[in-house]
Amino acid sequence: MLPCTEITSFHEFGHIMHAICTEGIGNSTRLAKCPRDFVEAPSQMLENWVWQKQVLERLAKHYQTNESLPDKTLESMIRAKHVNVAFSSLRQIYLSRLDLEIHGPNPPTTVEEIQALVDRLRPSISLVENPPGWATLRTFA
């Protein structure tokens, strides 16, 4: 099928094309001069282009016969592209709220209070239960 490496390749190629097509002075990378909210635009355009049915028909082929995948399979792949996107968004909201609580006016002051905060916030926002004793802050960056 179409492994993540192909999607990533198109994404990174977008960065390469952005760098090649950009003009600028005083900075060898040129992309640093680009507005921060535009840096990902060309790469995301190419990444999304991969998911067009006409493109998938050419890229996603059977590994032995080189036949294009059936329409039903291609359509299923396209529909499944956004599976779990909402969960990723909820995770970011949870981490943002956790950060605000930790750095807010009444932050937790002990390890137990921090764990209680994590145990309360995570399931209420991200809809995912916290494994007992799971130390979010060790993985939160």
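Given the protein chains as shown and a 1.4 Å probe, how many square angstrom of I125 are accessible, to the nearest 10?
Counting only protein heavy atoms, I125 exposes about 30 Å² to solvent.
Evaluate the distance, in nm, between pseudo-label points positioned 7 Å from the Cα of A80 and of S124 along their respective Cα→Cβ axes.
Calculated label separation equals 3.6 nm.
Determine the per residue accessible area of the stretch 32-141 with all protein chains present and a 1.4 angstrom probe, expressed in square angstrom.
On the way: 8070 Å² over 110 residues.
Per-residue accessible area for the stretch 32-141 comes out at 73 Å².
If you roll a 1.4 Å probe over the chain with all protein chains in place, what percent of the accessible area is carbon or sulfur?
Numbers: 5960 of 10300 Å².
Carbon plus sulfur share of accessible area: 58 percent.
Can you give the local net charge around R91? Use residues other than it whose beta-carbon is closer than 12 angstrom to its beta-carbon, Lys and Arg +1, Asp and Glu -1. If you can, show how the numbers build up before the last one.
Numbers: positive: R97, R122; negative: none.
Here the count lands on +2.
Out of every Cα-Cα pair in the stretch 88-141, what percent are more than 14 Å apart? If you can, show how the numbers build up before the last one.
Values: 713 of 1431 pairs.
Beyond 14 Å sits 50 percent of the P(r) for the stretch 88-141.
Could you give the length gained by full extension between A41 and K72, i.e. 0.36 nm per residue of separation minus their alpha carbon distance, to one decimal place? Working shown, then result.
Numbers: separation 31, 0.36 × 31 = 11.16 nm, distance 2.99 nm.
8.2 nm is the gain from fully extending A41 to K72.
Report, in cubic angstrom per residue, the convex hull volume of the C-alpha atoms of the chain. Mind dumping the intermediate values first?
Details: hull volume 26.0 nm³, N = 141.
Spread over its residues, the Cα hull of the chain gives 184 Å³ apiece.
Tell me the accessible surface of D119 in square angstrom (1.4 angstrom probe, heavy atoms of protein chains only), to the nearest ten.
70
How far apart, in nm, are the 7 Å Cα→Cβ label points at S88 and M17?
Taking the simple label geometry, S88 and M17 are separated by 2.0 nm.
Nearest 10 degrees, 0 to 90: what angle lies between the long axis of helix 71-80 and the longest principal axis of the chain (Cα atoms)?
In the chain, helix 71-80 runs at an angle near 30 degrees to the longest axis.
Among P108, S124, C34, whose Cα sits farthest toward the positive end of the charge dipole of the chain (+1 at Cβ of Lys/Arg, -1 at Cβ of Asp/Glu, about the Cα centre)?
It is C34, whose Cα lies furthest towards the positive end.
Among all lysine pairs in the chain that are eight or more places apart or on different chains, how many have alpha carbons less than 29 angstrom apart?
Working: K53/K61; K53/K72; K53/K81; K61/K72; K61/K81; K72/K81.
Lysine pairs meeting both conditions in the chain amount to 6.
The values are calculated or read from the model by the stated rules, or taken from the named source; none is laboratory data. Bear in mind the structure is a predicted one, so any value in this text is a computation, not a measurement. Neighbour counts run over all protein chains shown; Cβ positions are idealised from the backbone, glycine included. Each accessible area value is taken on the protein alone, full model and side chains, heavy atoms only, with ligands, DNA and RNA left out. Shrake-Rupley method; radii C 1.70, N 1.55, O 1.52, S 1.80 Å.
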